[in-house]
Amino acid sequence: MSDEVDPVEQMLKRTGCLNLHYKVQLFATVGGDGAMKMVLVVRSDLGLKKGKIASQCAHAAVLCCMRAASDGDAAGKSKLDAWLWQGQPKIVLRVDSLQEMHLLTERAEASGVIAEIVRDAGRTQVASGTETVLGLGPDRSEAIDSLVGHLKLL
């Protein structure tokens, strides 16, 4: 292991541009325009109240982040980092049934997009194990849009 200091890195630190440099590198690794997003898909057939939806969406976002961080896949970690740098953009959409959610999950997994389903604990509005929200991503906006472009906002 070399003890040499990279002169470019020294200059970037000295000028306060090191973080910007890392952001540019992240955009370059995800390709395209670099836009990233996460989508949270809520089952509208359950009639969940607003607070419950918010809680379940938060669970889905955390599950997706944990999966991206722990998969051991360098590309997944790079996507997570890019998404974090971009301010963690999220969109909340809806499906009308459990079957529609499962079909979307299968399509996401087949295309390599992280898909995490939240199963409720059953302490308030729905029975234990009820699948409430599907989290997709973080991934390139194009990859996500190809899966959910037909869905409506919640």
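The values are calculated or read from the model by the stated rules, or taken from the named source; none is laboratory data. Values in this document were obtained by computation on a predicted structure and should not be read as measured data. No Cβ is skipped: glycine too gets one built from the backbone with ideal geometry, and neighbour counts run over all protein chains shown. Just the protein is used for accessible areas: all its heavy atoms, side chains included, with ligands, DNA and RNA removed. Shrake-Rupley method; radii C 1.70, N 1.55, O 1.52, S 1.80 Å.
Here are a few things to note about the model shown:
- Value of D in µm² per second that Stokes-Einstein yields for the chain, Kirkwood Rh from Cα pairs, at 10 °C (1.306 mPa s): 94
- Sparse-neighbourhood loop sites, trypsin sites (Lys or Arg not before Pro) in region 83-154 - DSSP loop, at most 16 other Cβ within 10 angstrom: 123
- Derived scalar couplings between HN and Hα for region 86-91 equal 7, x, 6, x, 9, 10 Hz in order, rounded to whole Hz, by the Karplus curve 6.51 cos²θ - 1.76 cosθ + 1.60 (θ = phi - 60°), x for Gly and Pro.
- Virtual paramagnetic centre 7 Å along Cα→Cβ of residue 119, amide N under 12 Å, in region 39-64: none
- Pairs beyond 20 Å (Cα-Cα), from 50/152; 50/90; 49/152; 13/77: 13/77
- Residue-span extension gain [residue 152 to residue 44] - 0.36 nm each, minus C-alpha spacing: 37.8 nm
- Within the chain, antiparallel bridges make up roughly 70 percent of the DSSP beta bridges whose residues both belong there.
- For region 35-153, the carbon plus sulfur part of the accessible surface works out to 54%, probe radius 1.4 Å.
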